[in-house]
Amino acid sequence: MFDNKRALVQRWTALASSRSGTIAASGLLIAAIAVIDERTRPSVGLLYLFPIILIGTRLSRWHVVFSAALCTWLTALFNTNPFESASPAQNALIFIALAGTGFVSYELTRRRRQEEEHGCAVEREVAARREAEEQLAFVINTSPAAILTMTADGDIVAANSAAHRVFGVEAGRLCGRHIAQYVPSLGRVSAPAAVTHAFHTEMRCRGQRGEGTAFPAAVFFSTYSTAQGPRLAAMVIDTSAEIVEREESNLEQTMASSRVLMSAMTHEVRNLCGAAAVVHENLVRSGKLRGDQDFAALGTLVDALTRIASIQLRDSGAASRATEVDLGELLDDLRLVLDPYAEGAGIPIRWDIDPEADGARVSVDRHHLLQALLNLTKNSHRALQSVDDPWVEIGISEQADVVTIRVTDSGPGPAVTEHLFQPFQKGAACTGLGLYVSRALVRSFKGDLRYEPDPGCTFVIDLPKVSKGRTSVRSMSHEPHSIAAR
């Protein structure tokens, strides 16, 4: 029996919790009270407060007003003498009492609902903030960069494990120390007393480890304000490996260019030694200087110089440095260098890139190819100094197994088309080695650099394309073409 009553109460509660259920439940209560009020004396009109309270918990104010008016009318209808009518003042008091009770129920329920919603929102915000703090703490603790927070005076407040590793300090020992012990330049940066807006910048300086050794560092820092006062957050990165890599790359480029230049010089010296050897041989046959010790010594010097010039300088490792490179990324690097250079020179650069070739992968030495392209564009800049409408166009196209880069300018082009890419050419603007070195660098990774007279002045670089995991190299002719050095 008790279980049946509990089930009935639960059903009634579930019914009253919905909007339609509230309307149905309050309607049934009003009807039941009206029936009871009609058959009993004295009046039980006070029971109308319960359906009004129920209506106020779920429905709107207009429903409360309508229900109060209905209950007032039912009270006046069933609780007055047929020969007497209730006064308007009595009806007004009953309506005000019922409506006021409904409004109180409505406001109490609305405020409780708002508090519940606000409490749920606060719980969600707290959970989200806790999750964000946990994620941020995980990122900071696992970051390879040293991350620190400091007071306005430079005292370290917090530091991650990478900071202890970078500065060579035992875990947990950085807090409380002054940042000037490890980054002197950062120690001279003070946070303003009143931080009106976030300030962030970066600098290159020297850091110092706990044992006294120095290292190059990149520091990114910003200011922010807290309840305890202004704070300074900094990220310190040890750039030793970056500098070593850059210097090694510069050394490789210098060595590669030096090998090319030495090959060009030994080639010219070998030609001169060959001519001197022929003259010496002719004089020996004539017998005019036979027995002359100075002439014999001159022959010995010519032979020794010929042997030295005959040494073949090989680019050991140039081909092995060729790697698979995304041409689109390489062109982005080229634009970063050329756009400021072209803007300063007042020469616009047009880009004509085939969409299919933009994402092509080629097998090249990245630094050597960039060096060759920069040399070609600088040659164009020198050639366009006296041109009325100067421009340079870089076009990229793709064939079956080769990607072609075309560098075209609006200059007059070379006046002489002999001795293509020969070193130490007559009439060259500088040493006459730019095109010779550029072609040698391109050929080091099985590419080729050639000249096309039309349209304008065009230099073409053919690069081996990477397809299906293998490098496909077209049989490119490395025979000299005709152009004068620019």
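The values are calculated or read from the model by the stated rules, or taken from the named source; none is laboratory data. All values reported here derive from a predicted model rather than from experimental measurement. Every residue, glycine as well, gets a Cβ built from its backbone with ideal geometry; the counts of neighbours run over all protein chains shown.
Residue-by-condition table, conditions (1) of a type in the set (Phe, Trp, Tyr); (2) within 30 Å of residue 56 (Cβ to Cβ); (3) out of contact with any His (no Cβ under 7 Å at 6 or more places or on another chain):
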{"position": "102", "(1), (2), (3)": "no, yes, yes"}
{"position": "113", "(1), (2), (3)": "no, yes, yes"}
{"position": "128", "(1), (2), (3)": "no, no, yes"}
{"position": "140", "(1), (2), (3)": "no, no, yes"}
{"position": "151", "(1), (2), (3)": "no, no, yes"}
{"position": "154", "(1), (2), (3)": "no, no, no"}
{"position": "162", "(1), (2), (3)": "no, no, yes"}
{"position": "180", "(1), (2), (3)": "no, no, yes"}
{"position": "188", "(1), (2), (3)": "no, no, yes"}
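Applying the condition of being among the basic types (Lys, Arg) and either in contact with a strand residue (DSSP E or B) (Cβ under 8 Å, 6 or more places away or on another chain) or assigned to a helix (DSSP H, G or I) (or both) to segment 22-79 and asking which residue is surrounded by the fewest Cβ atoms within 10 Å (Cβ to Cβ) yields 39. Filtering segment 7-54 to residues that are among the hydrophobic types (A, V, I, L, M, F, W, C), at pLDDT below 75 and out of contact with any helix residue (DSSP H, G or I) (no Cβ under 6 Å at 6 or more places or on another chain) leaves 7, 8, 9, 12, 14. Of the residues making up segment 175-206, just one is of a type in the set (Phe, Trp, Tyr) and modelled with pLDDT under 85, namely 199.
Could you check segment 384-398 and list, in sequence order, the residues that are of a type outside the set (A, V, I, L, M, F, W, C), free of Cβ contacts under 8 Å to residues at least 60 places away in the same chain and either surrounded by 17 or more Cβ atoms within 10 Å (Cβ to Cβ) or part of a helix (DSSP H, G or I) (or both)? 390, 393, 395, listed by residue number. Going through segment 97-152 one residue at a time, which ones are of a type in the set (A, V, I, L, M) and closer than 30 Å to residue 219 by Cβ? Answer for segment 97-152, where residues must be of a type in the set (A, V, I, L, M) and closer than 30 Å to residue 219 by Cβ: 132, 136, 137, 139, 140, 145, 146, 147, 148, 150, 152.
The condition of being touching a residue at least 12 places away in the same chain (Cβ under 8 Å) and within 32 Å of the chain's Cα centre (by Cα) holds for only one of 137, 146, that being 146. If only one of 78, 103, 95 is in contact with a Ser or Thr (Cβ under 7 Å, 6 or more places away or on another chain) and not aliphatic (A, V, I, L, M), which one is it? When all the criteria are applied, what remains is 95. The residues of segment 387-419 that are modelled with pLDDT under 75 and closer than 26 Å to residue 338 by Cα, listed by number, are 413, 414.
The residues of segment 159-182 that are under 14 Å from residue 221 (Cβ atoms) and either free of Cβ contacts under 8 Å to residues at least 60 places away in the same chain or aromatic (Phe, Trp, Tyr) (or both), listed by number, are 159, 179, 180, 182. For segment 336-383, the candidate set comprises residues that are under 12 Å from residue 396 (Cβ atoms) and in a helix (DSSP H, G or I); within that set, the residue that is modelled with the highest pLDDT is 373.
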